[in-house]
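Here's the structure, in structure tokens; my notes come after.
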Amino acid sequence: MSESDVTPEGVRGARPGREAVTGRAAGRRRRGGRGERPVVPEAEFSTYYGMPVLNPPRWEALDIAGYLYLGGLAGASSLLAAGAHLTARRRLALVAKSSATGAVSLSLVALIHDLGRPERFLNMLRVFKPTSPMNVGSWLLAGYAPLTMAALLSDVSGRYRPAGAAATAGAAVLGPLVTTYTAVLLADTAVPSWHDGYRQLPFAFAGSGAAAAAGVGLLAAPVAETAPACKLASLGAGLELGSTQVMKRRIVLTSEPFEQGHAGTLMRASKALTVGGTLLAVCAGRRSRVAASVAGAALLAGSAMLRFGVFRAGVASAEDPKYTVVPQRARLKKQRNKPSAATS
Amino acid sequence: MTEQGPPQPGADHPPRMGFFTDTSVCIGCKACEVACKEWNAVPADGLELTGMSYDNSRRLSSDTWRHVAFIEQRKPLGGQEPGVSHDNVDIFRAAAGLGVTIASPGPGATAPAPADALPGAPAGETSPLAPDGRTELRWLMSSDVCKHCTHAACLDVCPTGSLFRTEFGTVVVQEDICNGCGYCIPACPYGVIDQRPDDGRAWKCTLCYDRLGVGAEPACAKACPTDSIQFGPLEQLRERAASRVAQLHSAGVLDARLYGEDPQDGVGGDGAFFLLLDEPEVYGLPPDPVVTTRDLPSMWRYAAAAAVTLTAGVAVSFLGRSHR
Ligand code: SF4
Ligand code: SF4
């Protein structure tokens, strides 16, 4: 703990020991330091020895951010599959159906792996509870995952075509919900950066899911069938970047963690990959096999990084008492000022 | 969109029970921490010295269901020396002796001149020195616990129904059902419930559900030697707390305030509320907690709108002139 140094000029950085002045080192904390870029004027606030107010999520980033990413990819892939099915783009449909099935299966593995008691996974379906997004999500996946598998099986085997078409349509109805409910899953917590972003996160996840599904299409479908994937990539990227931009403007203090540290790096990387992948897809995705593959991989990676970035930003916001105390203080102040404003 | 609050007391329900923790009489003995561990067989969480104060459990967690916070401040406790009666002091005589006798050195003398200050004493800078040379400071101690919220986010978001509301209006985890999804942990606005790493499940204060069932009071309240932790029907506790605040205010302790007793607050009032002597965040408590599920209907609406947008986006991608 001690960070003191003995130098020729004496002891540097020593703790005050018995000369300690009470209340100086502890209890009150002035923020600044750590090279943070002040987005809002530094607020003075109290904490308990700088400890967080909240318990941060105990989830593994790989499991839960991975779950969010795969869910997004699966849901949007189901939509892409239905579109391709309808417009008779056989190869694109097959690719999208495989991607939906694979992603949703992997996402279930990630979800179960992250449970403290994986053998009790089915307890999720013990009740139906609309107040719990995780419960709603479990029911959603329980309905959605079999549909994706049925759609894929029918396509691969070429049998039961009407049933396959129905399953494809059903998966396309549930798919978008699978993609966006994960934003509610994060937002319905006390984690400041997640909760405050509840209006924009679903749109960011929808856009990011679309970009990822387009990425799979570009990567694996023949270039002749990728035209819709190219369009979807640009629409998705636009939606994702637009909504994260709006989020940064609307929520002032608690959007800070999205720009700082590890989360900030991930968010910037995601942006670069998504923009780069989209440009490449639009320019060359319909002509060059290589360009389409590179663009697809970039879009997939960008979408994954968005989820990891959002995940990390939330954890960081829960671990810093600033993001809990300062907005709540501001809210109280506003409430207190209201009645007096009404009388004057 | 929150679950129904605690049951209304009626023929088949006992009244809602809770804690009133009056931190103004807490002496920081940690008897509650120990009694809780003993009774509930809570595993050890390490014997560490934090170095920041006498607090060595830091925060509430899966293995700390009562946590005593220690805060040292350069501030007198109210305008009086507790336990000293001045009834026999004639203030007019004392005033006449101001600046004349050594016992009354006169105005301005409460802080020594910088040259006379004891080494390390911040002369004339922060807190004045008392005539007997002692600086004025106060210790705040507070035993924190699960708030057993009226609108409990942990309970709302639990996907398995493991967290439930008891007949006493308290919030309890059923450990044979919890699958360790960990959702309740970031949902709690107070940072109370937590996951045991080795066991995977979520644990927190049960308000000694087993003891309540047989009419006993919770272990911590039983062990508290100063009655800082008071247990009883919530209605009674609220009345008692209101009169305690009034009593402290009239004694000059103007810092006294209640925390979590207001049924109109963001969590509908706490089943375990507090009398504090400073702002809540000084004790590590959120100043204005709100149950996250209050915004859930709105969250679902935004998610639905985003899903529709996504569907429309994919539809548009397939429309129009395309070279396949
Ligand atoms: S304080 Fe936290 S753990 Fe306790 S009832 Fe409220 S939300 Fe649940
Ligand atoms: S960890 Fe257990 S108690 Fe907490 S939300 Fe999940 S199932 Fe419920």
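In the neighborhood of residue B:25, defined by Cβ-to-Cβ distances under 14 Å, what is the net charge if each Lys or Arg adds +1 and each Asp or Glu adds -1? Please report the intermediate quantities before stating the final value.
Values: positive: B:138, B:240, B:244; negative: B:22, B:227.
Local charge sum for residue B:25: +1.
With +1 on each Lys and Arg Cβ and -1 on each Asp and Glu Cβ, how big is the dipole of the stretch A:229-325 about its Cα centre, in debye rounded to the nearest 20? Mind showing how you got there, number by number?
On the way: 12 positive and 5 negative charges, 93 e Å.
With Lys and Arg at +1 and Asp and Glu at -1, about 440 debye.
Over the whole of A:176-188, what's the average partner chain Cβ count within 10 Å per residue? Rounded to a whole number, please. Show your work: numbers first, answer last.
Numbers: counts 11, 7, 1, 5, 10, 6, 1, 4, 9, 4, 2, 7, 13.
Neighbouring Cβ atoms belonging to other protein chains average 6 per residue here.
Using θ = phi - 60° and the Karplus relation 6.51 cos²θ - 1.76 cosθ + 1.60, list the HN-Hα couplings for the stretch A:174-191 in order, rounded to whole Hz, with x at every Gly or Pro.
7, x, x, 5, 4, 5, 9, 5, 4, 5, 5, 3, 6, 5, 7, 9, 8, 5
Using the scaling law 2.2 N^0.38 Å as the reference, what is the normalised Cα Rg of the stretch B:237-294?
On the way: Rg = 12.2 Å, N = 58, 2.2 N^0.38 = 10.3 Å.
Relative to the 2.2 N^0.38 Å estimate, the stretch B:237-294 comes out at 1.18.
Going by accessible area, probe 1.4 Å, with all protein chains left in place, what is the ranking of A:251, B:91, largest first? Don't skip to the end; give the middle numbers.
Values: A:251 20, B:91 115 Å².
The ordering from most to least exposed comes out as B:91, A:251.
Please report, in Å, the Rg and the Dmax of the stretch A:78-133, where both are computed over Cα atoms only.
Cα-based Rg and Dmax for the stretch A:78-133 come out at 16.1, 45 Å.
To two decimal places, what compactness ratio does the stretch A:57-320 give when its Cα radius of gyration is scaled by 2.2 N^0.38 Å?
Working: Rg = 17.8 Å, N = 264, 2.2 N^0.38 = 18.3 Å.
Working it through for the stretch A:57-320, the quotient is 0.97.
For the peptides A:226-237, B:213-224, A:46-57, what is the packing order when you average, over each peptide's residues, the other Cβ atoms within 10 Å and list the highest mean first? Could the numbers behind the result be given before it?
Working: A:226-237: 26.7, B:213-224: 18.2, A:46-57: 21.5.
Taking the mean over residues of other Cβ atoms within 10 Å, the ranking is A:226-237, A:46-57, B:213-224.
How about the stretch A:280-344: which trypsin sites (Lys or Arg not before Pro) there lie in a loop by DSSP and see at most 13 other Cβ atoms within 10 Å?
Working: sites: A:286, A:287, A:289, A:307, A:312, A:322, A:329, A:331, A:333, A:334, A:336; in loops: A:286, A:287.
Taking the stretch A:280-344 and a limit of 13 other Cβ atoms within 10 Å, the loop trypsin sites (Lys or Arg not before Pro) found are A:287.
Quick check: net charge around residue B:202, other residues with Cβ under 11 Å of its Cβ, Lys/Arg +1 and Asp/Glu -1? Display every interim value, and only then the final one.
Working: positive: A:58, A:117, B:196, B:201, B:204; negative: B:175, B:194, B:199.
My count for the surroundings of residue B:202 gives +2.
Note down the net charge around residue A:136, summing +1 for each Lys or Arg and -1 for each Asp or Glu among other residues with Cβ under 11 Å from its Cβ. Don't skip to the end; give the middle numbers.
Details: positive: A:129; negative: A:188.
Every neighbour counted, the sum reads 0.
Which whole number gives the average, over all residues in A:314-325, of C-beta atoms from other chains lying within 10 Å of the residue C-beta?
Numbers: counts 1, 1, 0, 0, 3, 0, 0, 4, 0, 0, 8, 8.
Across A:314-325, the average partner-chain Cβ count within 10 Å equals 2.
Give the carbon-plus-sulfur fraction of the accessible surface of chain A in %, rounded to a whole number; probe 1.4 Å, heavy atoms of protein chains only.
Taking all protein chains in place, chain A shows 63 percent carbon and sulfur surface.
Using protein heavy atoms only (no ligands, DNA or RNA), what is the total accessible area buried between A and B, 1.4 Å probe, nearest 100 Å²?
On the way: alone 18170 and 18150 Å², together 29430 Å².
Chain pair A/B: roughly 6900 Å² of buried accessible area.
Protein chains only, probe 1.4 Å: how do A:156, B:282, A:282 rank by accessible area, largest first? Spell out each step's value before the answer.
Details: A:156 105, B:282 5, A:282 70 Å².
Largest to smallest exposure gives the sequence A:156, A:282, B:282.
222 nm [θ] for chain A, helices only, -39500 (n - 2.57) per DSSP H run of 4+, per residue, to 500? All intermediate terms of the calculation are to be shown ahead of the outcome.
Values: 10 runs with 230 residues, N = 344.
Computed ellipticity for chain A at 222 nm equals -23500 deg cm²/dmol.
For peptide A:121-127, how many partner chain Cβ atoms fall within 10 Å of a residue's Cβ, on average?
Values: counts 3, 2, 10, 5, 2, 6, 6.
The mean count of partner-chain Cβ atoms within 10 Å per residue comes to 5.
Hey, what's the stretch A:57-320 come to in accessible area per residue, 1.4 Å probe, Å²? If you can, show how the numbers build up before the last one.
On the way: 8990 Å² over 264 residues.
Result: 34 Å² per residue.
Starting with the highest mean, order B:140-147, B:55-62 by the number of other Cβ atoms within 10 Å, averaged over the residues of each peptide.
On the way: B:140-147: 25.6, B:55-62: 20.8.
Final packing ranking: B:140-147, B:55-62.
The values are calculated or read from the model by the stated rules, or taken from the named source; none is laboratory data. Small disclaimer: the values here were computed from a predicted structure and weren't measured. Ideal geometry is used to build each Cβ from the backbone, glycine not excepted, and the neighbour counts take in all protein chains shown. Just the protein is used for accessible areas: all its heavy atoms, side chains included, with ligands, DNA and RNA removed. Shrake-Rupley method; radii C 1.70, N 1.55, O 1.52, S 1.80 Å.
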